[in-house]
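Heads up: the structure comes next, in structure tokens.
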Amino acid sequence: MSYRRPPTPEEELADAKERLRLPRIVVICGSTRFMTEMAEAELRETVAGRIVVKPGCDMKSPHALWSDPVGAEALKVRLDDLHRAKIRLADEVLVVGDYIGDSTRAEITYARSLGRPVRFTHPEVDPEA
């Protein structure tokens, strides 16, 4: 007698997205110094028929929500967790910009560990190139 293993949560999510006939979901990653380029990439991906998720905050720009240094550190941790969740949700990753910092490098590594395809606006910055 053979037993079928239960599907993983990732397999269930992929199946649900297929049954719902959702378009591909692309998560944009990169340094927030490239927020303007991210907006352009979001526009192009959307016009191509993809659902786009991207960083929602540029903590390098002043804002009352992260003006307190202690609160800003806690917020950064929460936003990093949120962005990893976006990567899990997405079908693929688009890395924007001609610079890869430590956070973006970690996101690329995480995405690839999940088997997500990773594209680059500047392929020469691919850590595996």
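Among the residues in segment 57-75, are any under 30 Å from LEU22 (Cα atoms), basic (Lys, Arg) and in a loop (DSSP other than H, G, I, E, B)?
No, segment 57-75 has no match at all.
So, in segment 103-129, of the ones that are in contact with a Pro (Cβ under 7 Å, 6 or more places away or on another chain) and not basic (Lys, Arg), which residue ends up least open to solvent (accessible area, probe 1.4 Å)?
Quick first cut of segment 103-129, residues in contact with a Pro (Cβ under 7 Å, 6 or more places away or on another chain) only: 105, 108, 129.
Okay, now just the ones that are also not basic (Lys, Arg), so 108, 129.
Numbers: ILE108: 3, ALA129: 99 Å².
Among them, the one singled out is ILE108.
Looking at this structure, is LEU75 farther than 27 Å from GLU10 by Cβ and free of Cβ contacts under 8 Å to residues at least 12 places away in the same chain? Break it down stepwise before answering.
Numbers: farther than 27 Å from GLU10 by Cβ: yes; free of Cβ contacts under 8 Å to residues at least 12 places away in the same chain: no.
Here the answer is no, as LEU75 does not meet what is asked.
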Taking the condition of being without any contact (Cβ under 8 Å) to a residue 40 or more places away in the chain, under 25 Å from PRO9 (Cβ atoms) and part of a helix (DSSP H, G or I), how many residues in segment 103-118 meet it? 5
Given the conditions (1) within 23 Å of ASP98 (Cα to Cα); (2) surrounded by 10 or more Cβ atoms within 10 Å (Cβ to Cβ); (3) out of contact with any Leu (no Cβ under 7 Å at 6 or more places or on another chain); (4) of a type outside the set (D, E, K, R), and given that GLY71 satisfies all but one, which numbered condition is not satisfied? (1)
From ILE87, ILE100, grab the single residue that is among the β-branched types (Val, Ile, Thr), part of a loop (DSSP other than H, G, I, E, B) and open to solvent by less than 50 Å² (accessible area, probe 1.4 Å). ILE100
Would you mention how many residues in segment 2-56 are at negative phi and either open to solvent by 40 Å² or more (accessible area, probe 1.4 Å) or in a loop (DSSP other than H, G, I, E, B) (or both)? 38
Determine the pairs where a residue that is in contact (Cβ under 8 Å) with a residue 12 or more places away in the chain, located within segment 35-46, has a partner that is open to solvent by less than 80 Å² (accessible area, probe 1.4 Å) and in a helix (DSSP H, G or I) with Cβ atoms under 9 Å apart, the partner being 6 or more residues away or on another chain. MET38/THR32; ALA41/PHE34
Of all residues making up segment 1-40, the number that are under 25 Å from GLU107 (Cβ atoms) and basic (Lys, Arg): 3
Given the conditions (1) open to solvent by 30 Å² or more (accessible area, probe 1.4 Å); (2) under 14 Å from the mean Cα position of the chain (by Cα), report the number of the one that GLU92 does not fulfil. (1)
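The values are calculated or read from the model by the stated rules, or taken from the named source; none is laboratory data. Since we're looking at a predicted model, the values are computed, not measured. All Cβ positions, glycine included, derive from the backbone under ideal geometry; neighbour counts span all protein chains shown. Side chains included, ligands, DNA and RNA excluded: accessible areas come from the protein's heavy atoms. Shrake-Rupley method; radii C 1.70, N 1.55, O 1.52, S 1.80 Å.
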